[in-house]
Amino acid sequence: MTKLRVGLLFGGRSGEHEVSISSARAIARALTTEQNTGKYEILPFYIHKDGRWLAGDVPQQVLESGTPLQLPSTPNDQLSVAKNQVLGRWQSPSQVAEVDVWFPILHGPNGEDGTIQGLLTLMQVPFVGSGVLGSAVGMDKIAMKTAFAQAGLPQVKYKALNRAQIWSNPCVFPKLCDEIEATLGYPCFVKPANLGSSVGIAKVRTRPELEAALDNAASYDRRIIVEAGVVVRELECAVLGNDSPKASVIGEITYASDYYDYDTKYTEGKAGLLIPAPVPEAVTRQIQEMAMRAFIAVDAAGLARVDFFYVEATGEVFINEINTLPGFTATSMYPLLWAHSGVSFPQLVDRLIQLALERHSGSSTTQEEN
Ligand SMILES: Nc1ncnc2c1ncn2[C@@H]1O[C@H](COP(=O)(O)OP(=O)(O)O)[C@@H](O)[C@H]1O
Ligand SMILES: [Mg+2]
């Protein structure tokens, strides 16, 4: 049997470069397990932090070592010449033409926002995960919340803003802050719309904090969102499928810090996972149902992790966000949720590739079974 050549695309220019390498290592291992090795051959492609695509030995080395490729230490002027030759100019390594199906495992801007998905769509080769629309809508918190609202999914109160409203007009800014205080109150969360990993997010409790956080968020992104802060437990659900997706058991993120900020996310031991989440059965069912609706609302495909806020005091559940390319390391929530739902890591990787092929051929009518 001819093996399907899987273009494993990892690294990337976002702040989640290292997570992407860990995810790619886990996926590469899964593709070489007994059940998958006869079906798939891996063609790894590493996107360097400077944007260069590398094929062949280099990505293999990065996968084996688990560490990002360092640029050779050349004198500054030579380095900038070298960088200018590659920055902003996408060049395709010749091996690109050999790929039968792409498995992009890139997180954050340029990876899960529809840009790479647009390139892969133009190549007319199947790829794992959401297309341009689902990726772009899932990435931008304002667009995502608009789609969720339209689908009738409950969310915390929020206000969408742009950079010009914050920076351009000193007369408008105080009115804007008055309005936020009146409609959302304190504490509230100020977020750049397109980043992830809690970067640029601030929980604010006073007017000076609000003003500073808006200014800071505007330095990260043209689009900014402010949300009413709620006291919550954080629950996550994994979704798998195309047009008739299925939801996994749900998990809970636990931490001792004030909220799930960057430091808590990326410092070993600061956050824990509970699978299944110890919540009433009705809450689990409600979240699973909302996760599948959210997946369809943004037109996701293949996989997504949908994150929720559970207000234990009132029993309310709010949708927080959808991640169309969630962390996929051996210890990440997404594959762990499926493992607890009876789908092993190697089976999950196999299923995602098959879903990519089905979606590409337009035959995505099969029901997920789990
Ligand atoms: N409205 C809110 N109320 C309470 N906590 C929030 C709210 N918004 C965000 N948080 C906290 O901030 C974290 C990061 O926010 P989130 O919107 O998920 O950003 P990111 O896309 O960077 O993960 C959440 O996991 C939660 O701990
Ligand atoms: Mg989040």
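A compact table of results
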read-out	value
log₁₀ of I(q)/I(0) at q = 0.10 Å⁻¹ - the chain, Debye sum with one point per alpha carbon	-0.65
Lysines with Cα under 17 Å of residue 141, excluding same-chain neighbours fewer than 8 positions away	157, 159, 191, 203
Spacing of the two label points (7 Å from each Cα toward its C-beta) at residue 256 and residue 347, in nm	3.7 nm
Integer Hz, Karplus 6.51/-1.76/1.60 couplings in order for the stretch 11-21, x for Gly and Pro	x, x, 8, 7, x, 9, 3, 5, 4, 4, 4
0 to 90° range, to nearest 10: angle between helix 207-220 axis and the chain longest Cα axis	20 degrees
Within the accessible area of the chain (1.4 Å probe), percent carbon and sulfur	52 percent
Length released on extending from residue 3 to residue 181, taking residue separation times 0.36 nm less the Cα-Cα span	58.2 nm
Assigned charges on the beta-carbon of Lys, Arg, Asp, Glu; the chain dipole about Cα centre (debye)	540 debye
Solvent-accessible ranking of 255, 46, largest area first, probe 1.4 Å	255, 46
Descending semi-axes in Å of the stretch 111-248, equivalent ellipsoid built from Cα gyration tensor	31, 19, 12
The stretch 167-228: projected area of the alpha-carbon convex hull, averaged over directions, in nm²	3.8 nm²
Largest-first ordering by accessible area, 1.4 Å probe, given options 8, 122	122, 8
Sparsely packed GluC sites (Glu not before Pro) within the stretch 267-310, loop by DSSP, other Cβ within 10 Å at most 16	268
Calculated FRET value between residue 244 and residue 281, using beta carbons and R₀ = 22 Å, to 0.05	0.40
Dipole of the chain, positive direction: furthest Cα of 165, 356, 126, with charges on the beta-carbon	165
The chain: calculated mean residue ellipticity at 222 nm from DSSP helix runs of at least 4, using -39500 (n - 2.57)	-11500 deg cm²/dmol
Principal axis box of the stretch 198-264, alpha-carbon based, largest edge first, Å	45, 30, 21
Förster radius 22 Å - calculated FRET efficiency between residue 267 and residue 65 (Cβ-Cβ, nearest 0.05)	0.45
Check: the stretch 263-370 dipole with +1 on Lys, Arg Cβ and -1 on Asp, Glu Cβ, in debye	160 debye
Distance from the stretch 135-168 to the stretch 276-308 (C-alpha centre basis), Å	19 Å
The stretch 85-172: radius of gyration and largest Cα-Cα distance (Dmax), Å	17.8, 58
Residue 48 - accessible surface, heavy atoms, 1.4 Å probe, Å² rounded to 10	10 Å²
Degrees between helix 172-183 axis and first principal axis of the chain (Cα, 0 to 90, nearest 10)	80 degrees
Total formal charge among the other residues, if their Cβ is under 14 angstrom from that of residue 37, Lys/Arg +1 and Asp/Glu -1	+1
Dipole of the chain, positive end: most advanced residue of 193, 242, 264 [Cβ charges, Cα centre]	193
Per residue accessible area in Å² of the chain, where ligands, DNA and RNA are left out and the probe is 1.4 Å	45 Å²
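The values are calculated or read from the model by the stated rules, or taken from the named source; none is laboratory data. Remember, predicted model here, so these are calculated numbers, not experimental data. Glycine gets a Cβ as well: all are built from the backbone with ideal geometry, and neighbour counts include every protein chain shown. Keep in mind that these areas ignore ligands, DNA and RNA; they rest on the heavy atoms of the full protein, side chains included. Shrake-Rupley method; radii C 1.70, N 1.55, O 1.52, S 1.80 Å.
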